[in-house]
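Engineer: Take this structure first; my questions come after.
The values are calculated or read from the model by the stated rules, or taken from the named source; none is laboratory data. Here the structure is a predicted model, which means the values were calculated and not measured. Counting neighbours? That spans all protein chains shown, and the Cβs are built from the backbone with ideal geometry, glycine included.
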Amino acid sequence: MARKRAVTTQVGRDAKTGRFIPVTGAKRRKSIAVVETIKRKGAAK
């Protein structure tokens, strides 16, 4: 049986510049970064 792919994924984003950063860094710097959960395209048919 094949494994199902995750429908969502998390990304880190700098709150000032909007640039993507690693999720671990965003979790560490909560005052200046956010962790967003986004839907993946073409996920889990």
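Engineer: Which condition does M1 not pass, out of (1) in a loop (DSSP other than H, G, I, E, B); (2) modelled with pLDDT of 95 or more; (3) not basic (K, R), if it passes all the others?
Structural biologist: Every condition holds for M1 apart from (2).
Engineer: Moving to a separate point now. With the checklist (1) at pLDDT below 90; (2) touching a helix residue (DSSP H, G or I) at 6+ places or on another chain (Cβ under 7 Å) in hand, flag the one item A44 doesn't pass.
Structural biologist: Unmet condition: (2).
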